[in-house]
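In what follows, a single structure is set out as structure tokens and then discussed.
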Amino acid sequence: MTVNLHMTAFGGLLRKLLTVLCLAGSIGVAHADDAQISEYRVKTAFLYNFARFITWPESALQDRTEFTLCIIGTDPFGVQLDKLTGKTVHAHTLVVRRILNIGDVHDCHLVYISEDADHAEVLSVVRSIPVLTVSDAGDFIDQGGIIQFVLVHSKVRFKINVAAASKAGLSVSSKLLSLATSVSGR
């Protein structure tokens, strides 16, 4: 009888311990998910401000009522980016589009190229047209991209390739350049 009592008490203790461990594990996952959501919330704000502090040639915006922000590849932003829809950029209404066909980038003003997309192919299509290219990919600036997100001490920062922006006919505000962790192609 004493052995059964101890086994029952041990079983109850074991169940409680497993419950605590499971909860701790889910809290860790929740924190990781929250951190990623927070990271993409910050990146969403950056994308909006990039659009505001870059100047496009008049020909890129004339005869259009919309400023188009596009995503190529897997969308890590989810609903965060959709919250920008309807905001104003250079007197145009911002719209968000997720595109599958690289040929559709000609209708975009700003293109976020996800890490799983073919950066070289997208960049070859938009290299000399007024499209702001942004990505998280590690060698994006070296490939000819304009703005690359980087994490510095767990904070979202960015690098700017001024030569690529100039080749696309875009002008980067000095305020934006002052916030970049590095500026290449001057």
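Okay, here's what the table says:
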{"read-out": "From the options Ser135, Ser128, Ser124, residue that is in contact (Cβ under 8 Å) with a residue 40 or more places away in the chain and of a type in the set (S, T, N, Q)", "value": "Ser128"}
{"read-out": "Flag if Ile160 is in contact with a strand residue (DSSP E or B) (Cβ under 8 Å, 6 or more places away or on another chain), crowded, with 19+ Cβ neighbours inside 10 Å and more than 27 Å from Asp63 (Cα to Cα)", "value": "yes"}
{"read-out": "Subset of segment 64-84 (residues that are more than 15 Å from the chain's Cα centre (by Cα) and farther than 19 Å from Thr133 by Cα)", "value": "Arg64, Thr65"}
{"read-out": "Qualifying helices (runs of 4 or more DSSP H) (wholly inside segment 1-101; at least 3 residues being in contact with a helix residue (DSSP H, G or I) (Cβ under 7 Å, 6 or more places away or on another chain) and either surrounded by 11 or more Cβ atoms within 10 Å (Cβ to Cβ) or at pLDDT 85 or above (or both))", "value": "2-52"}
{"read-out": "Where His90 falls short, out of the listed (1) in contact with a Phe, Trp or Tyr (Cβ under 9 Å, 6 or more places away or on another chain); (2) on the phi < 0 side of the Ramachandran plot", "value": "(2)"}
{"read-out": "The listed residue being among the hydrophobic types (A, V, I, L, M, F, W, C), touching a helix residue (DSSP H, G or I) at 6+ places or on another chain (Cβ under 8 Å) and modelled with pLDDT under 95, out of Ile147, Ile113, Ile129, Ile160", "value": "Ile129"}
{"read-out": "Lone unmet requirement of (1) exposed (fewer than 14 other Cβ atoms within 10 Å of the Cβ); (2) under 28 Å from Ser154 (Cβ atoms) for Ser128", "value": "(2)"}
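The values are calculated or read from the model by the stated rules, or taken from the named source; none is laboratory data. As the structure is a computational prediction, the values presented were derived from the model and not from experiment. Because the Cβ atoms are built from the backbone with ideal geometry, glycine has one as well, and the counts that use them run over all protein chains shown.
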